[in-house]
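Working notes, beginning with the structure itself.
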Amino acid sequence: MEQFQKKDVVQAVLLTDLRPEAFKPICDNSSTALLTLANVPLLDYALESLNRSGIEEVFVYARLHMNDIKEHISKRQKQGCTWSINMSVKVIGAEGCRCLGDALRDIDAKSLIRGHFVLMEAETVTNANLSYFLEEHKKTAKYDKGIAMTVIYKEVITGVRTGDEVMIAMSTDNKRLQYHQRIKTNFREQSFAMPLDIFLQNSNVALHHNLADPQIAICSPLLLTLFSDNFDFENRDDFVRGLIINEEVLNSRIYVEMLPREQYARRVSNWLTYQIVSNDVINRWSYPLVPDMGICCLRQQFLFLRNNIYKHESATLSKLMSKENIVLDSGSSVDTGSKLSSVVIGRNCKIGKNCNLDHVYMYDDVVIEDNCSLEYCLIGSGAKISSNSHVLEGVVIAPKTVIAPNSNITTPSETDPIAKRFSISTQKTNDTEELDDEEDEEWEVGGFLKMRSVPFSFEDSEYNSSTEDELSSHGSPVPDDTNIFLSEVIDSLTRGYNEKSNPDFLILEINSSRYAYNMSLSEVNFYVTKAILSLPKVKESSANIVQNLHHVLGHLGPVISNYIKYKDAMIDCLKGVEDCCNQEEDFKAKVAQIVHYLYDKDYVAEDAILEWYENLSDESEWMKTHLKKLIDWLMASSEEESEEE
């Protein structure tokens, strides 16, 4: 008779609220795991990441606000979010839990873990494939029974200190961790003192000083036993330091894994990292954990527009002086004349006229009246900034706060009586280094790093995608995958047109490229249109662009019709036309004819053209002049039809 063994369940532990004081006053009465980033709670990012890595059972250890976390988990499960389908999530906790060590000792006492598991903080955002690191950890455990943990680090560009950077020494022969030191935020280290034995006992040692610690680790059951036996292990740094110093006594070891360049991981540990991770998400370094892909839901909620603009279909974005890196949630509106850059706007927010917002993060129901200037700040839900006010670098405004007209709000000093209303607590914590010079004090409030301007190369993302020369610059950073996708679509359509291939086969090729490069449907609509207008046959004669387009679509029409079916897709198509006209001088004079042709052949509808026309970008202002006669004709035709009815 065959013997059947029950498959081991892949488990993970998420720890919450280890540093709630770093997010005052927003998290005074709520969990840091429910802090929203790009309008999505951090807990949802973590659970979605674990689900994508094949985790089957998750224990969310709530040190504080357990009922709020349970309510959020239950709500998401009733909504049928993506992670709830194949993954079990349980919220646990205990009174009197002060730190990570207490949490792990409690988990060990409850005998919840049955094998190797993933240990991560709920405030970590990552798109990493953790299943690969889990398998590597298990392979190591087969020949080293003393493995306690595999820590995962991410290489970053040096220059910005957030408190999560570490300096390590590791043996390159077996990836064992030999030395670990957390780097201070004030750039004071002139040297590092390491035991000579590290170099005498290991033939090959690598030193890394450009690593960020996203607080992700693959752990053996042995780790829980070590925490239970050593009550002086309060946090992970204590544990790592204790094992390195007492490796022979404890007979336990720690190994290291590095995330590849294309994978992202970052912990939100203070307001500065909140700012950095928000920008990284908006600039798509965390793909597919980006707003337009619908994190934790099964439908697309945001339109992804040029210049990294994510707009909910019910939001209103009027004509702006400039706009880039924006998330605009449902029911919110931005009035005319405002300038927005790297801004996250929650639900039902109102932004007045002629406002200047730079790196501003707004929760729900915020009102900002006319002529306000805000930079590097966060506004709690229900707050109101009255007209002609200025909110400066590093300020965090508490929920439901009302700022009077003509106010000038800065980060408070320790003696400021209104500090609790406007910014994070000025009380220092025991694990925060004292600051001696004025420069450090300018970067911190209450011992925690605040939002501030950082060097340009770090503004969009502080991670290398391939090489430093390929980092995105001004405007909208476009991932290399989009350029590759566009090139492949052009190649497929060119070959298909020349060889008169079956359009259905071309659609299959495009869809294969789409899934290979993780392109959203909105991006596919945009780039398929650009690809058709970029075909050699279309561009061979500038005088006959529309006629050439007609010949091409005579064969490739079913391809574009397959994607351009609904109003949103039609707007994506017209944006592709707009982009081509901005890049190709020969197309500019023919833009009205191209749009008219697409309308005449029923590729785009009248209401889509009118909506696209109203939202043309500043750099396409010339296009409105060329399109005016066509728009007037469409509006007149619409009025005649209304009168006839």
Quick one: what pairs do we get from region 584-602, first residue farther than 18 Å from residue 571 by Cα, second surrounded by 15 or more Cβ atoms within 10 Å (Cβ to Cβ), C-beta under 6 Å, 6+ apart or different chains?
587/580; 587/581; 588/581; 590/545
Selection from region 548-583 of residues that are β-branched (Val, Ile, Thr) and either over 16 Å from residue 306 (Cβ atoms) or without any contact (Cβ under 8 Å) to a residue 40 or more places away in the chain (or both)
552, 559, 560, 564
Consider region 279-295. How many of its residues are surrounded by fewer than 20 Cβ atoms within 10 Å (Cβ to Cβ) and either in contact with a Cys (Cβ under 9 Å, 6 or more places away or on another chain) or within 11 Å of residue 128 (Cα to Cα) (or both)?
2
Can you tell me which of 391, 395, 367 is in contact with a helix residue (DSSP H, G or I) (Cβ under 7 Å, 6 or more places away or on another chain) and of a type outside the set (D, E, K, R)?
395
Scanning for something touching a strand residue (DSSP E or B) at 6+ places or on another chain (Cβ under 9 Å), among the basic types (Lys, Arg) and farther than 25 Å from residue 577 by Cβ, does region 319-332 turn up at least one residue?
no
Look through 499, 540 and report the one residue that is farther than 30 Å from residue 326 by Cα, among the charged types (D, E, K, R) and at pLDDT 75 or above.
499
The number of residues in region 350-362 that are closer than 16 Å to residue 37 by Cα and either of a type in the set (S, T, N, Q) or surrounded by 24 or more Cβ atoms within 10 Å (Cβ to Cβ) (or both) is 3
Output yes when any residue across region 4-11 is modelled with pLDDT of 95 or more and either over 30 Å from residue 272 (Cβ atoms) or surrounded by 16 or more Cβ atoms within 10 Å (Cβ to Cβ) (or both), and no when none is.
yes
Inside region 77-173, counting only helices (runs of 4 or more DSSP H) that do not spill past its ends, which hold 2 or more residues that are in contact with a helix residue (DSSP H, G or I) (Cβ under 8 Å, 6 or more places away or on another chain) and touching a residue at least 12 places away in the same chain (Cβ under 8 Å)?
83-86, 100-109
Of the residues 249, 281, 277, which is among the β-branched types (Val, Ile, Thr) and free of Cβ contacts under 8 Å to residues at least 60 places away in the same chain?
249
Quick one: which residue in 123, 135 is buried (at least 23 other Cβ atoms within 10 Å of the Cβ) and either at negative phi or of a type in the set (Phe, Trp, Tyr) (or both)?
123
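Here's the yes/no breakdown for (1) within 35 Å of the chain's Cα centre (by Cα); (2) at negative phi; (3) of a type in the set (Phe, Trp, Tyr):
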| site | (1), (2), (3) |
| --- | --- |
| 539 | no, yes, no |
| 544 | no, yes, no |
| 572 | yes, yes, no |
| 585 | no, yes, no |
| 597 | no, yes, yes |
| 603 | yes, yes, yes |
| 608 | yes, yes, no |
| 617 | yes, yes, no |
What about residue 303, is it over 30 Å from residue 75 (Cβ atoms), of a type in the set (A, V, I, L, M, F, W, C) and at pLDDT 80 or above?
no
Is there any pair with a first residue in region 335-354 that is on the phi > 0 side of the Ramachandran plot and modelled with pLDDT of 95 or more and a second that is surrounded by fewer than 17 Cβ atoms within 10 Å (Cβ to Cβ) and of a type outside the set (S, T, N, Q) whose Cβ atoms are under 7 Å apart and which are 6 or more apart or on different chains, and what are they?
348/331
When restricted to 591, 528, the only residue among the β-branched types (Val, Ile, Thr) and at pLDDT 90 or above is 528
Given the criteria of a type in the set (A, V, I, L, M), assigned to a loop (DSSP other than H, G, I, E, B), at pLDDT 90 or above and more than 17 Å from residue 357 (Cα to Cα), does residue 298 qualify?
no
Six or more apart or on different chains, Cβ under 9 Å: which pairs go from a residue in region 44-73 that's on the phi > 0 side of the Ramachandran plot to one that's of a type in the set (Asp, Glu) and crowded, with 23+ Cβ neighbours inside 10 Å? Could you list them?
65/17
Search region 391-409 for residues that are charged (D, E, K, R) and pair each with any residue that is surrounded by 15 or more Cβ atoms within 10 Å (Cβ to Cβ) and assigned to a strand (DSSP E or B) when their beta-carbon atoms are under 6 Å apart and the residues are at least 6 apart or on different chains.
393/375; 393/376
Starting from region 474-490, keep only residues that are modelled with pLDDT under 70, then list their pairs with residues that are in a helix (DSSP H, G or I) whose Cβ atoms are within a distance under 8 Å, requiring at least 6 positions of separation or different chains.
480/470
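So which residues in region 615-635 are of a type outside the set (Val, Ile, Thr), in contact (Cβ under 8 Å) with a residue 12 or more places away in the chain and part of a helix (DSSP H, G or I), if there are any at all? Walk me through it before giving the result.
Going residue by residue through region 615-635, those that are of a type outside the set (Val, Ile, Thr) are 615-624, 626-630, 632-635.
Narrowing further to those that are in contact (Cβ under 8 Å) with a residue 12 or more places away in the chain: 615-620, 622-623, 626-627, 629-630, 634-635.
Result: 618, 619, 620, 622, 623, 626, 627, 629, 630, 634, 635.
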Using beta carbons and a limit of 9 Å, which pairs, at least six apart or on different chains, have the first residue in region 180-193 and of a type in the set (Asp, Glu) and surrounded by 11 or more Cβ atoms within 10 Å (Cβ to Cβ) and the second one modelled with pLDDT of 70 or more and in a loop (DSSP other than H, G, I, E, B)?
189/183
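The values are calculated or read from the model by the stated rules, or taken from the named source; none is laboratory data. Because the structure is predicted, anything quoted here is derived from the model rather than measured. As a convention, Cβ positions derive from the backbone with ideal geometry for all residues, glycine included, and neighbour counts pool all protein chains shown.
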